[in-house]
Every structure is written in C-alpha cells, then in structure tokens.
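Worksheet: one structure, shown below.
The values are calculated or read from the model by the stated rules, or taken from the named source; none is laboratory data. These numbers were taken from a predicted model, which means no experiment stands behind them. As a convention, Cβ positions derive from the backbone with ideal geometry for all residues, glycine included, and neighbour counts pool all protein chains shown.
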Amino acid sequence: MYFVGIDVGSLSTETVILDHAGAVVSYHISSTGANSRTAGEKSFAAALASGGIAQSEVNFTVATGYGRVSIPFADKTVTEITCHARGAVHLFPATQTIIDVGGQDSKVISVSQDGKVADFSMNDKCAAGTGRFLEVMARALEIGLDRMGPLSMRSTRDISISSMCTVFAESEVISLVARATPKEDILNAIHQSICNRLAPLMDAVGIRMEVTMTGGVAKNTGIVEKIREKVGGRINVPEEPQIVGALGAALIARDMSAHAQ
Amino acid sequence: MEKTGKSRKRLRAAKELNRVVTEYYVECGRAKAEGKPVGWMPPMNGAIEIFYAMDIQPVFPENWSPICAAFGLAERNFEVAEGMGYSRDLCGYMRNIIGYVHGLMKEEGTPLGGLPEPDILLSPGGGCVPVIKIFQALERRFPNAKVYPADLPQVPTEEIRQHHVDYAIAEIHRLIDFLSQATGRKLDQDRLKEVVKLSDRSCELWDEIMTYRRRIPTPFSAAEIGIMFVMVTRQGTQTAVDFLTTVRDEVKEKSAQGLGVLEQEKIRLFWDNIPLWYNMGLFNHFEGMGGVVVAETYSSAWSLRLDVNRPIEALALKSLKSYPMVSCVSVDKRVEMVIKACKEYSIDGAILHRNKSCLPITLGQMDIKRALEAELGIPSIVIDADHMDSRNFSVEQFRTRVDAFMEMLLARKS
C-alpha cells in the first residue's frame, strides 16, 4: 500500500511515493513545461516505475502546487503552504519557520508547536526574487544554476542590484557584464537581492528557530548563506529541498487514507 | 475559477436589484432627453440629496466604472485612456471613465444606454487625488458643462470641529446658489427635508440589514454587496427605501428561519478594500471549503445617520465624514472600524485586498493586519489585485493564497 504526493509547480513537477510506514520509496523531479496535467501524469508514472510500483497499489494521492487542480487522478488537493510545512516538520521536527523559494513564489511559513501552519506570508504578485528570477539571471550570465552558489562564494566586492523587477534587474546584470564586472560579484549581488526580497516576508511572519529552507532555490548555497546571515543562525536544508512539497503531500495522503478507514 | 465572473447570488432581491440598476440608468438617459438638467458628481457626499431635492439628475461616473467592469467594457476604456497617455499605474476608475468619455460614449449600443452628457459638473477639491483629476479631465471633455468647484477640508472624523462644520454648511449653501443659477430651479426646504428623511431611512435600513449578517449562519454574503448600488446612486429617494425594505424583509425572514448562505458555515471571513468588480464570483470561491465572506469594508460605510430636523447641517456632516471614513484619512479610525466589524460579525480571518488601483484605501492595511492579530488573534492574508483592472490580477496566485489561508483557518478550528 503506497501514498503519493505530486507537486505540480510553475517550473518543476515532483512526485514522492511513501510506503505504509511513511518511508520514501521513490521520487521523481522533472520540468513542468507547457501542460501541467501531462507533467503530473509523466512524473507520477516515472516515480511508479523507479519504485517498481503498480498504480493499483497506490492507496491515496494528494496533489499540490499551482497545477494541483489539473491532476484528475488525485484524491484530494492541498495547497503547497500546508504541504511544505508538513514536509519540513517531518524532516526537521524542531522546525518553527520555513522559508520556501519556489519557481514563481516565495513564502515564509510559521508553524505552531503541533506542526500546523500558524501564519504565512507570500511574495506580492511579482515573481522577482524567486526561482524564475534566478533562471533568468543564470541565462544572462551564461552559467548553470548549480554553479551559481559556489561561484558567488568567491566574490570579493559588494555591489548591488537595485531593480525590483526581473526584467529591469536583468538589464542591470547585462550592463554589469558589459562593464566586465566579475561574475562572482554579480552573482553575490543577485543572491543578496533575493535575500532582500525575502526580508519583508520574514519580518511579517517573524523568524523563530529552527529555520528550514525548502524549494529548488535552497539548492543554491550562495542564497542559503545570505539567508543564514540575515537570520543569524543555522538553516536546515534537506538533502533534496525540491521534493519537500511533494513529500508533505504524500504524508497528508497517508494521514487522509488512515482517516478514511 | 475564471479571471472574470459574476457572483452566484442567493437573495431574491438580487433580481430586483437588476431592475433598480436598469431603471436608474434609463432615468439618467430620459432626464437628458426631456431637457432635465444632468449633473455629474463624485459619490459619498451630501450633494446627492440636494440634487434630488432640486430635481436635477445626479450621475456618478464612479458608479459607472463597476458597471463597465461587470459588462466587460473596462478593457476597451483602459485602451483608450492609455492610448491618450494615461499611465497604467493610475487609478482604474480614472482610466476607465476617461477612456469611456473619449471612446465608447461617442458610440451607440452601450449597455444600459451609457451615460448622458453632463450639464453640470460638481468638480471636487477633496477626496482622493484621482477623483479630483477625473473631474478636471471631464471639464476639458465637456467644455459646455457648468462647473461647480467644490471644496471641503479633509479631516479625520474624530477631529472634526465646529469650524469645519460651519465651513461645510457654507459650502452646501454655495452649492444650492450655484445650482439655482445654473438651472433656474429653486430649492424647496420642505422637499429637502423629505429627501433627507428618505436618505436617513436608507441608512437606518442599511444598518438593520447588516445586523442580520451577524447571525450564524449568515443569511447573505459579500456576493450580494451590489445592494449598495442604491446607497451610491439613490440616497434620498423612495426607490432606495423600497429596495432596502425588500432586502431587509428577505434577510429578516431568512434569519428567522435560520437559513444561511451555507448550511455548514465553518469559517467567517472579512474582506477589506473594494471588491474586484470584474470578478464578484471570487466571493463564492470560499464556499467550497465552508467559508463565507460575512462582512467587508463597505458594510459600515453607509452608517451615517442624518438629523432630519437640521437637513443642511446633516448633509454638511455627511460630506465631511463619508470619504474619510472608508479611506485612510485617519488610519486609526479605519483600523478601529475593521476591528469593530470583525468583533461584531464573529470573524475568523480577514482577506486584505492590496489594491493597485486604490492606494488611499490600501494604505493602512499593515496596521490593520497587526491590530487584528494583536487585539483579536485574527489572522489575515494579503492578496494583490485591482478593483478595476483584471490585468493586475492573477487567479492562480489568488487561489494559492486564499486556499492556504482557508486550510490554515480550518486546521486552527479543528
């Protein structure tokens, strides 16, 4: 008997499959592309295949993320705020604050002692300071997403990217490149600007330790370091931060299945 | 959920409202055709009663904008205004009406017959800056209209003193003199008393109707807030009193029978700021999760009772208080109003619409958010949108935020 969580985000889709004891049996990450329904189906199929599980063995499925309503085979939909909180607390039980930076949303979630969402704050409708922003900047700098963090650590000079809009920030980056500013300094500035965008969300909710970071952007060590400086303490980063939403959805699927019986 | 959509209404009076709205706009057009003077004015002041008392047809460009949004005409109007050079960052009411008077107004076949040209413009010197600028733009568009340059101090309601009232009274007298000269019509004091009495009665009925929303389950939700149409355009008329009486009777009956919007009302919500006029269906969205929008900023915006025995002074006070009450002339007062409403209506959570089109009313929201949490332990969520321009609204972002908020509230209650 298995429980599935599918997180159809704006940029990537993740599926996590749990067994009856709540252990992760398999997971899969792919890009969402133009069709969230297809992305969900493919991700689900790939996770089943990699775990050697038949669809008939799946007991309950919860869909989350922007595309959650387009997953026809989901038994239930739950928002990513609830799922990220559930997943993060499961991985790091002492978590009180979650900072999630996804493809086009960033959010700070405060959880109560019993692990429930107590409060949360999300970015305004502009996607600057999210994964999409980082992708645009990586392209402008012609550098892989995975190299951004390590390279930024070598920065020796503080410069700033002041534009709030992704498009304006991109042209700012391009003009810095044109002036032969070292890439590591530009990256450092990009990471700082993302941290600056998160700061009001952190202030609105209030940071209580421990802090766990989730979402694809947590893979960027440069940004995690900036947030660590801002928070003034250790940040938990899961081994695979991108699947925390799907993990939370799968855990909720397991709870719901138990309730249903 | 769609980007634009009408709300699902449950009150029988909703049908009656359609008739009232149509009749009002037909009346505006007919007044023009029959040679009756037509005056355009901003809403929420004491001039409406003077106009009705002197049998001058009042027209409200600010009311026409939600109508345009509901009929899907706003985008066309925005295009015209933006084509003239008005920035997309300006107030949606402003871009809509300026676009309308320079575009659709010159064409045939507009829903409800469109607006008749003004003979008089009541050009305000107070309220928000966009409303002042709208009328200045209208003065240029309608050069033959006689312009009354209105003036009023903008004072937080709690700081209104006698000299403010005296000045506002003098301004009402100046308005009456201007209208007499412009139209040749005289103001009959008995008729004015009658109009003020009707206006006061509509406020009394409004308050009574709102009282029933305190019941659990609530008999109607923000999906029906269109009933305030009569408070904007018909204050001081029998039409308003009759319509509100119909609403009151229905709501009273529903309350007595314990009939609510939802049988199983789980979460009671407060909506702060102006609704999205192009998507009133959002108010129904919460119902799927057991949530009802029980009250909103406008619930208490029409509670200004008028002293029937001193009609001019009553209208002066109404003019002084109406705008500051719902905007943030006094942030303290606005916070106080929201806190009071959330207590009275037994609210579980507040949705704060951060309105790109209206900064004056959005201004105090962080104070509201903090006060709700600190004083009542009520959580709130900020959503970004725009009361007129659907291009500034993302359905998916809205859904993610409010659904997560509902999940949080439901988990808290369980």
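Checking the structure you have, find out if any residue of the stretch A:170-184 is out of contact with any Cys (no Cβ under 8 Å at 6 or more places or on another chain), in contact (Cβ under 8 Å) with a residue 24 or more places away in the chain and part of a loop (DSSP other than H, G, I, E, B).
So far as the stretch A:170-184 goes, yes, one or more of its residues are out of contact with any Cys (no Cβ under 8 Å at 6 or more places or on another chain), in contact (Cβ under 8 Å) with a residue 24 or more places away in the chain and part of a loop (DSSP other than H, G, I, E, B).
Scan the stretch A:47-63 and tell me whether some residue there is modelled with pLDDT of 90 or more, closer than 26 Å to A:Asn236 by Cα and within 10 Å of chain B (Cβ to nearest Cβ).
Among the residues of the stretch A:47-63, not one is modelled with pLDDT of 90 or more, closer than 26 Å to A:Asn236 by Cα and within 10 Å of chain B (Cβ to nearest Cβ), which makes the answer no.
Hey, can you tell me all the residues within the stretch B:85-109 that are of a type outside the set (D, E, K, R) and more than 25 Å from B:Lys146 (Cβ to Cβ)? If you could, list the steps in order and put the result at the bottom.
Here is the first cut: in the stretch B:85-109, the ones of a type outside the set (D, E, K, R) are B:85-87, B:90-94, B:96-105, B:109.
Answer for the stretch B:85-109, where residues must be of a type outside the set (D, E, K, R) and more than 25 Å from B:Lys146 (Cβ to Cβ): B:Gly85, B:Tyr86, B:Ser87, B:Leu90, B:Cys91, B:Gly92, B:Gly109.
Would you mind stating whether B:Ala411 is of a type in the set (Gly, Ala, Ser), facing chain A (nearest Cβ under 8 Å) and more than 26 Å from the chain's Cα centre (by Cα)? Step through it out loud before you land on a result.
Values: of a type in the set (Gly, Ala, Ser): yes; facing chain A (nearest Cβ under 8 Å): yes; more than 26 Å from the chain's Cα centre (by Cα): yes.
When the stated conditions are applied, B:Ala411 passes them.
Taking the condition of being in contact (Cβ under 8 Å) with a residue 24 or more places away in the chain, more than 12 Å from chain B (Cβ to nearest Cβ) and of a type in the set (S, T, N, Q), how many residues in the stretch A:107-129 meet it?
Number satisfying all stated conditions: 0.
Are there any pairs, at least 6 apart or on different chains, whose C-beta atoms fall under 6 Å, with the first in the stretch B:95-117 and within 21 Å of B:His387 (Cα to Cα) and in contact (Cβ under 8 Å) with a residue 40 or more places away in the chain and the second of a type outside the set (Val, Ile, Thr) and assigned to a loop (DSSP other than H, G, I, E, B), and if so, which?
B:Arg95/B:Tyr86; B:Asn96/B:Met388; B:Pro111/B:Phe71
Please specify each residue of the stretch A:98-144 satisfying the condition of being at negative phi and charged (D, E, K, R). Don't jump to the end; show me each part of the working.
Initial filter on the stretch A:98-144 (at negative phi): A:98-114, A:116-128, A:130-141, A:143-144.
Within the stretch A:98-144, A:Asp100, A:Asp105, A:Lys107, A:Asp114, A:Lys116, A:Asp119, A:Asp124, A:Lys125, A:Arg132, A:Glu135, A:Arg139 qualify.
Restricting to the stretch B:65-93, and then to whatever is in contact with a Phe, Trp or Tyr (Cβ under 7 Å, 6 or more places away or on another chain) and not polar (S, T, N, Q), can you tell me which residue is surrounded by the fewest Cβ atoms within 10 Å (Cβ to Cβ)? Even if it seems obvious, please write down each step before you answer.
First, pick out the residues of the stretch B:65-93 that are in contact with a Phe, Trp or Tyr (Cβ under 7 Å, 6 or more places away or on another chain): B:65-66, B:68-70, B:74, B:77.
Keeping just the survivors that are not polar (S, T, N, Q) gives B:66, B:68-70, B:74.
Numbers: B:Pro66: 23, B:Cys68: 27, B:Ala69: 26, B:Ala70: 18, B:Ala74: 27.
Result: B:Ala70.
Kindly provide the set of residues from the stretch B:6-35 that are of a type outside the set (D, E, K, R) and either on the phi > 0 side of the Ramachandran plot or touching a Pro at 6+ places or on another chain (Cβ under 6 Å) (or both), ordered by number. I'd like the intermediate steps shown before the answer.
First pass over the stretch B:6-35, keeping only residues of a type outside the set (D, E, K, R): B:7, B:11, B:13-14, B:17-18, B:20-22, B:24-26, B:28-29, B:31, B:33, B:35.
Those that are of a type outside the set (D, E, K, R) and either on the phi > 0 side of the Ramachandran plot or touching a Pro at 6+ places or on another chain (Cβ under 6 Å) (or both): B:Cys28, B:Gly29, B:Gly35.
Would you check which residues across the stretch B:385-414 are small (Gly, Ala, Ser), part of a helix (DSSP H, G or I) and surrounded by 20 or more Cβ atoms within 10 Å (Cβ to Cβ) and list them?
Passing the criteria: B:Ser390, B:Ala404.
Are any of the residues in the stretch A:145-164 of a type outside the set (Asp, Glu), exposed (fewer than 15 other Cβ atoms within 10 Å of the Cβ), closer than 23 Å to B:Phe393 by Cβ and in contact (Cβ under 8 Å) with a residue 24 or more places away in the chain?
yes
Of the conditions (1) of a type in the set (S, T, N, Q); (2) at the interface with chain A (Cβ under 9 Å from one of its Cβ atoms); (3) over 19 Å from A:Ala204 (Cβ atoms), B:Thr400 clears all except one; give me its number.
The single condition B:Thr400 does not satisfy is (3).
Which ones in the stretch A:220-236 are more than 17 Å from A:His191 (Cα to Cα) and either aliphatic (A, V, I, L, M) or touching a residue at least 60 places away in the same chain (Cβ under 8 Å) (or both)? Step through it out loud before you land on a result.
Pass one, the stretch A:220-236, residues more than 17 Å from A:His191 (Cα to Cα): A:233-234, A:236.
Within the stretch A:220-236, A:Asn236 is the sole residue that qualifies.
Please determine whether any residue of the stretch B:181-188 is free of Cβ contacts under 8 Å to residues at least 24 places away in the same chain and farther than 23 Å from B:Ser330 by Cβ. Outline the logic, then answer.
Pass one, the stretch B:181-188, residues free of Cβ contacts under 8 Å to residues at least 24 places away in the same chain: B:181, B:184.
When the remaining residues are screened for being farther than 23 Å from B:Ser330 by Cβ, the result is B:181, B:184.
Yes, there is a match, as at least one residue in the stretch B:181-188 is free of Cβ contacts under 8 Å to residues at least 24 places away in the same chain and farther than 23 Å from B:Ser330 by Cβ.
Considering the stretch A:22-37 alone, what residues qualify as being surrounded by fewer than 18 Cβ atoms within 10 Å (Cβ to Cβ) and of a type outside the set (Val, Ile, Thr)?
Within the stretch A:22-37, A:Gly22, A:Ala23, A:Ser30, A:Ser31, A:Gly33, A:Ala34, A:Asn35, A:Arg37 meet the criteria.
Free of Cβ contacts under 8 Å to residues at least 40 places away in the same chain, small (Gly, Ala, Ser) and closer than 25 Å to B:Arg76 by Cα: does that describe B:Ser390? Walk me through how you get there before you give the answer.
Numbers: free of Cβ contacts under 8 Å to residues at least 40 places away in the same chain: no; small (Gly, Ala, Ser): yes; closer than 25 Å to B:Arg76 by Cα: yes.
For B:Ser390, the condition - free of Cβ contacts under 8 Å to residues at least 40 places away in the same chain, small (Gly, Ala, Ser) and closer than 25 Å to B:Arg76 by Cα - is not met.
With the checklist (1) outside the structural domain of A:Ala258 (by TED's automatic domain parsing); (2) modelled with pLDDT of 95 or more in hand, flag the one item A:Thr82 doesn't pass.
(1)
Has the stretch A:7-27 got any residue that is within 14 Å of A:Ile71 (Cα to Cα) and assigned to a helix (DSSP H, G or I)?
no
Out of all the residues in the stretch A:77-106, which are facing another protein chain (nearest Cβ under 9 Å), over 26 Å from A:Gly149 (Cβ atoms) and surrounded by fewer than 24 Cβ atoms within 10 Å (Cβ to Cβ)?
A:Thr77
Is one or more of the residues making up the stretch A:204-219 in contact with an Asp or Glu (Cβ under 9 Å, 6 or more places away or on another chain), among the charged types (D, E, K, R) and in contact (Cβ under 8 Å) with a residue 24 or more places away in the chain?
yes
Please go through the stretch A:38-74 and pick out each residue that is over 25 Å from A:Ala258 (Cβ atoms), surrounded by 14 or more Cβ atoms within 10 Å (Cβ to Cβ) and not hydroxyl-bearing (Ser, Thr, Tyr).
Answer for the stretch A:38-74, where residues must be over 25 Å from A:Ala258 (Cβ atoms), surrounded by 14 or more Cβ atoms within 10 Å (Cβ to Cβ) and not hydroxyl-bearing (Ser, Thr, Tyr): A:Ala39, A:Glu41, A:Lys42, A:Ala46, A:Gly67.
Working only within the stretch B:195-213, note down all residues that are charged (D, E, K, R) and in contact with a helix residue (DSSP H, G or I) (Cβ under 8 Å, 6 or more places away or on another chain). Walk me through it before giving the result.
Within the stretch B:195-213, the subset charged (D, E, K, R) is B:197, B:200-201, B:204, B:207-208, B:213.
Within the stretch B:195-213, B:Asp200, B:Arg201, B:Glu208, B:Arg213 qualify.
For the stretch B:222-262, give me each residue that is over 16 Å from the mean Cα position of the chain (by Cα) and among the polar types (S, T, N, Q).
Those that are over 16 Å from the mean Cα position of the chain (by Cα) and among the polar types (S, T, N, Q): B:Thr237, B:Gln238, B:Thr239, B:Thr245, B:Thr246, B:Ser255, B:Gln257.
Find the residue count for the stretch B:366-386, including only residues that are of a type in the set (S, T, N, Q) and modelled with pLDDT under 95. Walk me through it before giving the result.
Going through the stretch B:366-386, the residues of a type in the set (S, T, N, Q) turn out to be B:380.
Okay, now just the ones that are also modelled with pLDDT under 95, so none.
So the count comes out to 0.
Let me spell it out: the conditions are (1) under 28 Å from B:Val402 (Cα atoms); (2) crowded, with 19+ Cβ neighbours inside 10 Å, and A:Ser112 meets all of them except one. Which number is the exception?
(2)
Do you know which of the residues in the stretch B:108-156 that are of a type in the set (Asp, Glu) and surrounded by fewer than 17 Cβ atoms within 10 Å (Cβ to Cβ) is modelled with the lowest pLDDT?
Filtering the stretch B:108-156 for residues of a type in the set (Asp, Glu) gives B:108, B:117, B:119, B:139, B:151.
Next, only the ones that are surrounded by fewer than 17 Cβ atoms within 10 Å (Cβ to Cβ) stay: B:108, B:117, B:139, B:151.
Details: B:Glu108: 90, B:Glu117: 98, B:Glu139: 98, B:Asp151: 94.
Here the residue is B:Glu108.
Please find, within the stretch B:157-197, the residue that is surrounded by the fewest Cβ atoms within 10 Å (Cβ to Cβ) out of those that are in a helix (DSSP H, G or I) and among the acidic types (Asp, Glu).
Our first condition is that a residue be in a helix (DSSP H, G or I); within the stretch B:157-197, this holds for B:157-159, B:162-183, B:189-197.
Cutting the leftovers down to among the acidic types (Asp, Glu) gives us B:158-159, B:166, B:171, B:177, B:190, B:194.
Values: B:Glu158: 10, B:Glu159: 11, B:Asp166: 12, B:Glu171: 21, B:Asp177: 12, B:Asp190: 8, B:Glu194: 18.
Out of the qualifying residues, it is B:Asp190.
Here's a check for you: in the stretch A:65-76, which residue that is part of a loop (DSSP other than H, G, I, E, B) and farther than 16 Å from A:Ala250 by Cβ is nearest to the other protein chains (Cβ to nearest Cβ)? First the steps, then the outcome.
Applying the first criterion (part of a loop (DSSP other than H, G, I, E, B)) to the stretch A:65-76 yields A:65-67, A:71-75.
Cutting the leftovers down to farther than 16 Å from A:Ala250 by Cβ gives us A:66-67, A:72.
On the way: A:Tyr66: 5, A:Gly67: 9, A:Pro72: 17 Å.
That would be A:Tyr66.
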